[in-house]
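Trainee: This structure is in structure tokens; I'll ask about it shortly.
The values are calculated or read from the model by the stated rules, or taken from the named source; none is laboratory data. This one's a predicted model, so the numbers in the text were calculated from it and none came from an experiment. Glycine gets a Cβ as well: all are built from the backbone with ideal geometry, and neighbour counts include every protein chain shown. These accessible areas exclude ligands, DNA and RNA; they are computed on the full protein's heavy atoms, side chains included. Shrake-Rupley method; radii C 1.70, N 1.55, O 1.52, S 1.80 Å.
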Protein chains: 2
Amino acid sequence: MPNLLADLPSAAGGEVFTELLARGGVRIERIVSEGQSTPADQPYDQDHDEWVLLLAGAAGLWLDGEGETTLKPGDHVLIPARRRHRVTWTEAGRPTVWLAVHVA
Amino acid sequence: MPNLLADLPSAAGGEVFTELLARGGVRIERIVSEGQSTPADQPYDQDHDEWVLLLAGAAGLWLDGEGETTLKPGDHVLIPARRRHRVTWTEAGRPTVWLAVHVA
């Protein structure tokens, strides 16, 4: 049985993206972070909706027009298409695990 | 910030389904169980794919042709359309939390 929280890859050298499912306009991926953030001058600006759930660790998320919030495990947020956003911080020294559902 | 694991509704009297997102052929829901199972003679038989992730608790899942497995937090499985399946058990006395992504 595959497990999203066991045998995590090290993200110390860069975030690790693992595609879990892609079909019918949906793409589910796991993202493992360890200290990374999005450059302040390079926010994400996507053409599709993305639903995000934090599974482990902690992170800061900035959404254009809404400001910055801290995410803890279980927290979830819908990032609408064209809403600029960025990860302001993730914990260093231990993995932060995200589940992202991209909806075409 | 909404959280999938905080302030859980009691499922002692029946499973609790909460829709989190529905758009573009995708429906994401949280299911809280507490001791429930699917009747052996009434397995689910769905016309769409369902991706399931166990977030908390423990459960048994039977898939036609694959037998029964135990799910722990972080375990995930794709249940293809028309694959008969059932939940054989969930823990009594504490909540089991599922994330289900239904793909049209």
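Trainee: Which one of A:87, A:26 is under 11 Å from the mean Cα position of the chain (by Cα) and of a type in the set (A, V, I, L, M)?
Mentor: Unique residue meeting the criteria: A:87.
Trainee: Also, I was wondering about something else. Please go through (1) open to solvent by 30 Å² or more (accessible area, probe 1.4 Å); (2) more than 21 Å from residue B:77 (Cα to Cα); (3) hydrophobic (A, V, I, L, M, F, W, C) for residue A:59 and return the number of the only condition it doesn't satisfy.
Mentor: It fails just one condition, (1).
Trainee: Is there a residue being surrounded by 15 or more Cβ atoms within 10 Å (Cβ to Cβ) and either touching a Cys at 6+ places or on another chain (Cβ under 9 Å) or closer than 21 Å to residue A:80 by Cβ (or both) anywhere in the stretch A:7-17?
Mentor: No, the stretch A:7-17 contains no residue that is surrounded by 15 or more Cβ atoms within 10 Å (Cβ to Cβ) and either touching a Cys at 6+ places or on another chain (Cβ under 9 Å) or closer than 21 Å to residue A:80 by Cβ (or both).
Trainee: Does residue A:33 meet the test of being touching a residue at least 24 places away in the same chain (Cβ under 8 Å), open to solvent by 50 Å² or more (accessible area, probe 1.4 Å) and away from chain B (no Cβ under 12 Å)?
Mentor: no
Trainee: If you check B:12, B:59, B:40, which single one turns out to be out of contact with any His (no Cβ under 7 Å at 6 or more places or on another chain), more than 9 Å from chain A (Cβ to nearest Cβ), at pLDDT below 95 and under 17 Å from residue B:96 (Cβ atoms)?
Mentor: Among B:12, B:59, B:40, only B:12 is out of contact with any His (no Cβ under 7 Å at 6 or more places or on another chain), more than 9 Å from chain A (Cβ to nearest Cβ), at pLDDT below 95 and under 17 Å from residue B:96 (Cβ atoms).
Trainee: Among the residues of the stretch A:87-101, is there at least one that is under 26 Å from residue B:19 (Cα atoms), more than 10 Å from chain B (Cβ to nearest Cβ) and open to solvent by 50 Å² or more (accessible area, probe 1.4 Å)?
Mentor: Checking the stretch A:87-101: not a single residue is under 26 Å from residue B:19 (Cα atoms), more than 10 Å from chain B (Cβ to nearest Cβ) and open to solvent by 50 Å² or more (accessible area, probe 1.4 Å).
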